[in-house]
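The values are calculated or read from the model by the stated rules, or taken from the named source; none is laboratory data. As the structure is a computational prediction, the values presented were derived from the model and not from experiment. When we count neighbours, we look across all protein chains shown, and the Cβ atoms used for this are built from the backbone with ideal geometry, even at glycine.
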Amino acid sequence: MKRFAFTLQPVLDQRKRIEEEKQQITAARQRDLDAAESELRRLNAEFKHCSDLLREQHRALDAESLRRHYAHIQFLDRCIVAQIQVVAERRVALDRARAELLAASKERKAVDTLKERRYEAHVAEERRIEQNELDDGNARRYGRSAAGGLP
């Protein structure tokens, strides 16, 4: 049987490399989003802690301490708003990376499917050739035996 050689193998290899790169980019974007969401959770927890502390100790604090606490809470609020924006931007970047990965995967699968079809056609052709050789051999053998020769 003749060895199967896919002429578009370099194209398939390139598509696989591109897909792997897109997977790495997507994973990096996911890590970035996870880090941004973690920072947002941290800021929210700190905001809640400072707000609770201020509510509990409001009467015991002097004017300067109150001013500092309120200023810190306002700072945290601005940080949270900014971090929400960062999370949204990173989520969009992740969605874009996922879309690019999906497109790269489809392109690779198209060439992969073509390879499978060509391999199946190659196998079918090899089987047809082998069957023709067997049929020719059987026909010669039958012709010799019908002519009175040895099988």
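Structure summary
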read-out	value
Residue check, Glu20 free of Cβ contacts under 8 Å to residues at least 40 places away in the same chain, within 30 Å of Glu133 (Cβ to Cβ), among the acidic types (Asp, Glu) and part of a helix (DSSP H, G or I)	no
Single unsatisfied condition, Leu61 versus (1) aliphatic (A, V, I, L, M); (2) free of Cβ contacts under 8 Å to residues at least 40 places away in the same chain; (3) part of a helix (DSSP H, G or I)	(3)
Every residue from the stretch 35-49 that is over 9 Å from Ile80 (Cα atoms) and among the aliphatic types (A, V, I, L, M)	Ala35, Ala36, Ala45
Among (1) touching a Ser or Thr at 6+ places or on another chain (Cβ under 9 Å); (2) surrounded by 15 or more Cβ atoms within 10 Å (Cβ to Cβ), the one test that Gln57 misses	(2)
Residues that are surrounded by 11 or more Cβ atoms within 10 Å (Cβ to Cβ) and free of Cβ contacts under 8 Å to residues at least 24 places away in the same chain, drawn from the stretch 104-115	Lys106, Lys109, Ala110
Cross-chain or 6+ apart pairs with Cβ under 6 Å, the stretch 86-99 first and farther than 15 Å from Glu21 by Cα, then at pLDDT 95 or above and among the small types (Gly, Ala, Ser)	Val86/Ala36; Val87/Ala36; Arg90/Ala36
Given (1) of a type in the set (A, V, I, L, M, F, W, C); (2) loosely packed, with under 13 Cβ neighbours inside 10 Å; (3) outside any helix (DSSP H, G or I), index of the condition Ala45 fails	(3)
Among the residues listed as Leu40, Leu61, the single one being among the hydrophobic types (A, V, I, L, M, F, W, C) and under 27 Å from the mean Cα position of the chain (by Cα)	Leu40
